[in-house]
Structures are given as structure tokens and as C-alpha cells.
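Okay, here's the structure, questions in a sec.
The values are calculated or read from the model by the stated rules, or taken from the named source; none is laboratory data. This is a predicted model, so every value here is computed, not measured. Here the Cβ positions follow ideal geometry from the backbone for every residue, glycine too, while neighbour counts run over all protein chains shown.
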Amino acid sequence: MTAARSTGAAIELRDAAARLGGRTIWSEVTLRVQEGEFVGLLGENGSGKSTLLKVLLGALPASSGTVSVLGARPGAANRAVGYLPQRPGFDGALRLRGRDIVRLGLDGDRWGLPLGVGRGAAARRSAARERVAEVIELVGAHGYADRPIGECSGGEQQRLLIAQALVRRPRLLLLDEPLDALDLPNQASVSALVARICREQGVAVLLVAHDVNPLLPYLDRVAYLAGGRALAGPVEEVVTSETLSSLYGSRIEVLRASDGRLAVIGQPEPPAHHHDRHEHAR
């Protein structure tokens, strides 16, 4: 059953700006992501997409404007935020199981807390195993969760990492380039998975990507970062030839297929196979 949506904002930026090393990365950014909404954040390498996620996580303060995450200042509600950062592929020799990677979201990564020992520890461990199994089933990874993560395909690894981000029952998912380095079928599959989680679990999602096309059938709204500014709104309003061409200063075609689906042609750059080191370093 689809979870009911409230009218609250999971993310709200008003005239926000971010600076690094004395340079303004972006300014006058106004963006709102409603609870239970799926929003894509698009832009060229170096446009500041990962910087925006760092502001939302409280790792970098906004230099001006206001920023709210789950009704609180950035960083204050991180226990309710599932975060999937940019990453390289896992080494093929890594023997850690997919199930163990998911478990790190509970008690082994930067957002988790140790489950502890002593009275009640056995019950907590049992609850943790049940929750890990639950999210593995949710993302459809049951068939390979006990395989070493290094032997899983790129699409399988991303599903397991999304499960890791979900394991603490977040209200908000921040996904940084989860489609990067995936082939087209896996891009479509992961996009559909994230959309289903958003709808069924009522989780707000802000997903960073280079290429909007795999996401277009699923997004509620889209936000573009370009030239230090942001443009956000419903897909039908923002993803047009005129709007995107004006935003990027070059001709971009938006076509509509016979079944009604949109496709963006002539984007400023193709999807990157490897992460943008300059932006990742931010």
C-alpha cells in the first residue's frame, strides 16, 4: 500500500549559497523537497551537486540563506537521513558479504551506533538481523546477499548499498550518483527501485545524477544546477528544449516519444563513468 504523504518539507533551501576556498559554488538556490517526493538533482561536473548534499548533511555550512532538513538545521536530523555517497566499485577480491555491507548501516558506518553488549544485546542483535533481512528483501537482493560484495555486479552492489541506506528507517534518502558506471538496463532498474521505495515507504528522495533520462518516468520534480544557480520545478515545466537550452547556453532538444515519454538529447556532457574528482574532493 502506498504511504500517505504529508504536506511537510523534507528539504528546504531559501536563497542559499555555498562557498569553498573563497569561491562561490552556487548562490540564490531555492529548493523544496516534500516528504515522500522523488526529486532528481542534475548538473554538469563541478556544478556543486555534491556540495549541496554536504550542506544538507551539515558537513559544510551555507554561506547565506536558510537551509532546513526534516524541520531542523542541517546535521541535526542525520539519524533520519539515509546517505549513499559517491563511490568506486568494490574490489573483486573483497570477501565481505553483501549482507554485511547492509549491516554496516546499523552498527558500522559513520551514521550508525554500536549495538553494544550486555543486557538486551542479544535482542538487539536479533532485531538487527531481522531488519537487515527485511531491507535486503525490499530491494530484491535476497538471491545474492550472501555472496562476497566484490563478486556482485554493479547493479547488485547498488541495490545492496541502497539497502544499507534504508536499514535505519530514514525519512530522507540522499543518493549521490547511484547510477554512475551502470549500464542502461541497470540504470533503469535502480531508478525504478528508488521510485518504488519512495512511493511504498513514504521516503523523500533527492538523487544526484548526470543524465536525467533514466529518471524521467519516475520523478515528481527536477532541479538543475548550472552557472552557480538552480532551477527547480515539475518535470513538464523544467524539462523543455527552451528552458534547458537557456539554462546551459547551448541547444538541447527534449523529445516526446509516441508513448508520451520524454527524452533529453544533446546534454552538455555524457554521463561520467568515473566520479568527478574535483567535485568529489569538496
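Applying the selection to segment 248-282, what residues are surrounded by fewer than 17 Cβ atoms within 10 Å (Cβ to Cβ), at pLDDT below 85 and not in a loop (DSSP other than H, G, I, E, B)?
Arg277, His278, His280, listed by residue number.
So in segment 49-63, with the set limited to residues that are more than 24 Å from Cys198 (Cβ to Cβ) and not hydrophobic (A, V, I, L, M, F, W, C), which one is farthest from the chain's Cα centre (by Cα)?
Looking at residues that are more than 24 Å from Cys198 (Cβ to Cβ) and not hydrophobic (A, V, I, L, M, F, W, C), I get Ser63.
A further question on this structure: In segment 198-219, which residues are among the charged types (D, E, K, R) and either surrounded by 20 or more Cβ atoms within 10 Å (Cβ to Cβ) or farther than 21 Å from Glu253 by Cα (or both)?
Arg199, Glu200
Out of all the residues in segment 134-150, which are surrounded by 13 or more Cβ atoms within 10 Å (Cβ to Cβ), touching a Lys or Arg at 6+ places or on another chain (Cβ under 8 Å) and farther than 16 Å from Ile197 by Cα?
Ala145, Arg147, Pro148, Ile149, Gly150
Moving on to the next point. For the structure I just gave you, tell me whether Val55 is closer than 19 Å to Arg168 by Cβ, of a type in the set (A, V, I, L, M, F, W, C) and in contact (Cβ under 8 Å) with a residue 24 or more places away in the chain. Outline the logic, then answer.
Working: closer than 19 Å to Arg168 by Cβ: no; of a type in the set (A, V, I, L, M, F, W, C): yes; in contact (Cβ under 8 Å) with a residue 24 or more places away in the chain: yes.
Criteria not met by Val55.
Quick one: which residue in Arg95, Arg14, Arg19 is part of a loop (DSSP other than H, G, I, E, B), touching a residue at least 40 places away in the same chain (Cβ under 8 Å) and touching a strand residue (DSSP E or B) at 6+ places or on another chain (Cβ under 7 Å)?
On inspection, the qualifying residue turns out to be Arg95.
Considering only residues that are among the hydrophobic types (A, V, I, L, M, F, W, C) and either under 17 Å from the mean Cα position of the chain (by Cα) or over 19 Å from Ala9 (Cβ atoms) (or both), which ones fall in segment 24-48?
Passing the criteria: Ile25, Trp26, Leu31, Val33, Phe38, Val39, Leu41, Leu42.
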